[in-house]
Amino acid sequence: MSPRPQPGLMEIALYQGGASAIPGQSSVLKLSSNENPLGPPPAAIAAIREAAPRAHLYPPTDHAALRAAIAEVHGLDPARIICGVGSDEVLQFVTQAYAGPGDEIIHTEHGFSMYPILAHMAGATPVCVPEKERRVDPAAILAAVTERTRVVLVTNPGNPTGTILSEEELTALADALPAEVILVIDAAYIEFAGGAEGGLSLAASRPNVLVTRTFSKLYGLGGLRIGWGYAAAELIEVMTRIRQPFNLSVIQLAAAEAALRDRDWVARCTALNAAQRARLTGALHALGIACDESHANFVLARFGSEAEAAAADAALKAEGIIVRRVTGYGFPEALRITVGDEAGTTRVIDALTAWRRA
């Protein structure tokens, strides 16, 4: 006899991150992981340096300073904020705290690939529902709800689609769900959506809504892994019971607070993304490559076939550009292209233009 893992764990497919290197290429432009092309704000770098000598000290267990900063910037109640190792950990808190064997967790067909993994980690059954024209379909979600449903996971804006549900659509979905089902709005990319609040008012007014956010995208701190969630105090209290007390280090906490408070940097990054996203989208359309309006920091370029997408990917790699194949997300004919800085966007446009003309 050998040790047996818990049921569901062997159903988990290992997560594959975006590639970061091309053999034989030295000047690589990585546009596969939706990272901020400007990196972290200087204020966060300075905070990391200042905190480094305190790395031997245990961090505070309550994350009080960071929660207070988040509350101040977003106009929230700090008592209803929980912090995690990226928003992924906050998603893990809610699925493990509220679902288990015999329960169901709903996610959509093009949602974050971690969702079924989180369901299996909790011993629950993931239930995948279709999207409609690459948008989350609230009607499909509601049709899939059963007496076993415990959590609904929605990515908004979507990844890799970049599409978004309006606040009105989110509210209607929350209204229609049973009171015992938790609606989780994964808003990792909401800062790029032109002022959309991403469901925070719903989380403030409903006992069964959780919004998750991250410092990995806009704030350029993906390498430090910091995220947070906002929900009713009762949900936060339950999730805190399974949170490791020292899950964020002194360096993570200091960097996140400094980045959050640097609003000039936030404005600069969002303006850059909006301008270069428009450039990239316009160029794709001019080249006859389909793409939806994106509300994130990437564009989903859809080609005529899987073979054509593979050819475009090869052409980009030949120019030292790494983008993301998204076959696992249900788009074998597509490439997800992170929005870079002006020079990076120019490289992508030039490479695809040359490929089209070849």
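What do you reckon, is Ala204 among the hydrophobic types (A, V, I, L, M, F, W, C) and in contact (Cβ under 8 Å) with a residue 60 or more places away in the chain?
It is true that Ala204 is among the hydrophobic types (A, V, I, L, M, F, W, C) and in contact (Cβ under 8 Å) with a residue 60 or more places away in the chain.
Taking Pro7 as the residue in question, decide whether it is at pLDDT below 90 and farther than 29 Å from Tyr115 by Cβ.
When the stated conditions are applied, Pro7 does not pass them.
Enumerate the pairs (first residue in region 223-239 and farther than 15 Å from His63 by Cβ; second residue anywhere and at pLDDT 95 or above and part of a loop (DSSP other than H, G, I, E, B)) with beta-carbon separation below 7 Å, excluding pairs fewer than 6 apart on the same chain, so at least 6 apart or on different chains.
From residues that are farther than 15 Å from His63 by Cβ, the pairs are Ala232/Pro207; Glu234/Pro207.
From the list Glu191, Glu234, Glu169, which residue is closer than 23 Å to Leu142 by Cβ and modelled with pLDDT of 95 or more?
Glu169
Identify all residues within region 120-140 that are outside any loop (DSSP other than H, G, I, E, B) and farther than 22 Å from Glu11 by Cβ; write none if there are none.
Lys132, Arg135, Pro138, Ala139, Ala140, listed by residue number.
In region 258-314, how many are small (Gly, Ala, Ser), more than 23 Å from the chain's Cα centre (by Cα) and under 19 Å from Asp341 (Cα atoms)?
Total meeting the criteria: 2.
Under 24 Å from the mean Cα position of the chain (by Cα) and without any contact (Cβ under 8 Å) to a residue 24 or more places away in the chain: is that true of Asp341 in this structure?
Spelling it out, it is not the case that Asp341 is under 24 Å from the mean Cα position of the chain (by Cα) and without any contact (Cβ under 8 Å) to a residue 24 or more places away in the chain.
For the subset of region 87-115 comprising residues that are out of contact with any Ser or Thr (no Cβ under 6 Å at 6 or more places or on another chain) and part of a loop (DSSP other than H, G, I, E, B), which member is surrounded by the most Cβ atoms within 10 Å (Cβ to Cβ)?
If we take residues in region 87-115 being out of contact with any Ser or Thr (no Cβ under 6 Å at 6 or more places or on another chain) and part of a loop (DSSP other than H, G, I, E, B), then Ala99 is surrounded by the most Cβ atoms within 10 Å (Cβ to Cβ).
Cβ-Cβ distance below 7 Å, separation of 6 or more or different chains: which pairs start in region 266-280 with a residue that is under 14 Å from Gly344 (Cα atoms) and end on one that is acidic (Asp, Glu)?
Leu272/Asp341; Gln276/Asp341; Gln276/Glu342
Please note which strands (runs of 3 or more DSSP E) are completely contained in region 279-358 and include at least 3 residues that are surrounded by 19 or more Cβ atoms within 10 Å (Cβ to Cβ) and at positive phi.
It comes to none.
Can you tell me how many residues within region 140-165 are more than 20 Å from Ala187 (Cβ to Cβ) and touching a Phe, Trp or Tyr at 6+ places or on another chain (Cβ under 7 Å)?
Selection size over region 140-165: 1.
Just name the residue that is nearest to Tyr219 (Cα to Cα) out of those in region 55-72 that are in contact with a helix residue (DSSP H, G or I) (Cβ under 7 Å, 6 or more places away or on another chain) and either modelled with pLDDT under 95 or part of a loop (DSSP other than H, G, I, E, B) (or both).
Step by step, filter region 55-72, then rank; the result is His63.
Here is a list of conditions, (1) buried (at least 18 other Cβ atoms within 10 Å of the Cβ); (2) more than 21 Å from the chain's Cα centre (by Cα); (3) in a loop (DSSP other than H, G, I, E, B), and Phe246 meets all of them except one; can you say which number that is?
The number of the failed condition is (1).
Is there any pair with a first residue in region 104-131 that is in the same structural domain as Leu153 (by TED's automatic domain parsing) and a second that is part of a helix (DSSP H, G or I) and of a type in the set (Gly, Ala, Ser) whose Cβ atoms are under 6 Å apart and which are 6 or more apart or on different chains, and what are they?
Ile105/Ala119; Ile106/Ala144; Pro126/Ala119; Val127/Ala144; Val129/Ala140; Val129/Ala144; Pro130/Ala140
Output the number of residues of region 328-356 satisfying the condition of being modelled with pLDDT under 95 and closer than 17 Å to Ser32 by Cβ.
Of the residues in region 328-356, 2 are modelled with pLDDT under 95 and closer than 17 Å to Ser32 by Cβ.
For Thr161, are the conditions met, namely being under 29 Å from Ala274 (Cβ atoms) and crowded, with 16+ Cβ neighbours inside 10 Å?
Considered against the rule, which asks whether it is under 29 Å from Ala274 (Cβ atoms) and crowded, with 16+ Cβ neighbours inside 10 Å, Thr161 comes out as yes.
Report yes if Leu272 is within 23 Å of Asp175 (Cα to Cα), at pLDDT 95 or above and surrounded by fewer than 24 Cβ atoms within 10 Å (Cβ to Cβ), otherwise no.
Judged against the criteria, Leu272 is not a match.
Can you pull out every residue in region 198-235 that is over 15 Å from the mean Cα position of the chain (by Cα) and either farther than 23 Å from Phe246 by Cα or among the hydroxyl-bearing types (Ser, Thr, Tyr) (or both)?
Leu200, Ser201, Leu202, Ala203, Ala204, Ser205, Arg206, Pro207, Asn208, Val209, Tyr230
The values are calculated or read from the model by the stated rules, or taken from the named source; none is laboratory data. These figures come from a predicted structure and were not determined experimentally. Don't worry about glycine lacking a Cβ; one is built from the backbone with ideal geometry, like all the others, and counts go over all protein chains shown.
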